[in-house]
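The values are calculated or read from the model by the stated rules, or taken from the named source; none is laboratory data. Just so it is clear, the model here is predicted, and its values are computed rather than measured. Counting neighbours? That spans all protein chains shown, and the Cβs are built from the backbone with ideal geometry, glycine included. Quick note on the areas: whole protein, heavy atoms, side chains included, nothing else; ligands and nucleic acids left out. Shrake-Rupley method; radii C 1.70, N 1.55, O 1.52, S 1.80 Å.
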Amino acid sequence: AAELMNHDWSLKHLHRLILCSATYRQKSETGNKAPDQGNQLLFRFPRQRLSGETIRDAMLASSGTLHHRMGGRGVMPPIPAELASTLLKNQWKASNELADHYRRSIFIFARRNLRYPLFDAFDRPDGNSSCPQRNQSTTAPQSLHLLNSVFSLDAARRLAGAVLRESDSLDDAIQGAYQRTLSRDPRPEEFKLVREFLTDQADLIQREFTRETDRPAPIPDCPEFDSSTAAAFSLFCLALFNSNEFLYID
């Protein structure tokens, strides 16, 4: 605060000071022989989970569907029918514009008597009371929501469609999915595990879903890839969204 005042309230100066400091530029990795494993001396930024709003935005951004329009009234993306039935008529009317369903989470309409399901699972405070600091829980409904919700599967299918469309091979697509979600290339052992997963899932989908319309096909469809393999790739993208590395900042 003193530095900001002493330099005529220049944010650019403050940003330069922080970003060029040794503290900012040092690694946060501890290694096995770190002298302060518990981070009692605050020598690194503590590992933390993303908020529900940030998780949703990250999933949309990874899948290439995040709509960046600024301002305007709050939007109402679709919610499960059983949840909407708890409200009075038209208290949550999903927007007719598809682009509104993919707006940033900050623009989602906030009702005092209803929390958007993903935000509710990830500890968004109750709108009826003040909250100085959010809780951060780890519960089964969080994983169940990320695995089973319509929103999660839609984001995974759209990520699969975007990646497969710009890839010449399945290995290229695996690498592209890792880059979009985790901002890194897969390790050799991860490549091996993903290939095995895709083979097993493609066989399972081929047996269990004889009608292609029942399969979790990528959006848009990718006819250059086998339909069962493409559907399995959607499930792989869903698994990436559920990984700790996607949900936590280290």
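Points worth noting:
- Any hit, the range 176-194, residues being of a type in the set (F, W, Y), more than 21 Å from the chain's Cα centre (by Cα) and farther than 17 Å from E53 by Cα: yes
- Residues in the range 198-223 that are without any contact (Cβ under 8 Å) to a residue 40 or more places away in the chain, closer than 22 Å to E166 by Cα and out of contact with any helix residue (DSSP H, G or I) (no Cβ under 6 Å at 6 or more places or on another chain): T199, P223.
- Among the residues of the range 104-133, just one is closer than 26 Å to G72 by Cβ, touching a Ser or Thr at 6+ places or on another chain (Cβ under 9 Å) and small (G, A, S), namely S105.
- Subset tally (residues that are exposed (fewer than 14 other Cβ atoms within 10 Å of the Cβ) and either closer than 17 Å to V150 by Cβ or not basic (K, R) (or both)) for the range 88-119: 11
- Conditions (1) among the charged types (D, E, K, R); (2) part of a loop (DSSP other than H, G, I, E, B); (3) under 30 Å from Q37 (Cβ atoms); number of the one not met by E189: (2)
- Whichever residue in the range 222-250 is assigned to a loop (DSSP other than H, G, I, E, B) and surrounded by fewer than 19 Cβ atoms within 10 Å (Cβ to Cβ) and, among such residues, is modelled with the lowest pLDDT: D250
- Among all positions in the range 28-46, there is no residue which is at pLDDT 90 or above, more than 30 Å from Q91 (Cβ to Cβ), surrounded by 15 or more Cβ atoms within 10 Å (Cβ to Cβ) and in contact with a Ser or Thr (Cβ under 8 Å, 6 or more places away or on another chain).
- Here N128 meets the list (1) of a type outside the set (D, E); (2) in contact (Cβ under 8 Å) with a residue 12 or more places away in the chain; (3) under 30 Å from Y24 (Cα atoms) almost entirely, failing just condition (3).
- All positions within the range 136-164 that are assigned to a loop (DSSP other than H, G, I, E, B) and open to solvent by 80 Å² or more (accessible area, probe 1.4 Å): Q136, T138
- Identity of the residue in the range 165-221, modelled with pLDDT of 90 or more and β-branched (V, I, T), that ends up most open to solvent (accessible area, probe 1.4 Å): T199
- Among the residues making up the range 61-73, those that are open to solvent by less than 80 Å² (accessible area, probe 1.4 Å) and more than 21 Å from V150 (Cα to Cα) are G71, G72.
- Failed item, numbered, when L83 is tested on (1) closer than 30 Å to V163 by Cβ; (2) open to solvent by 30 Å² or more (accessible area, probe 1.4 Å): (1)
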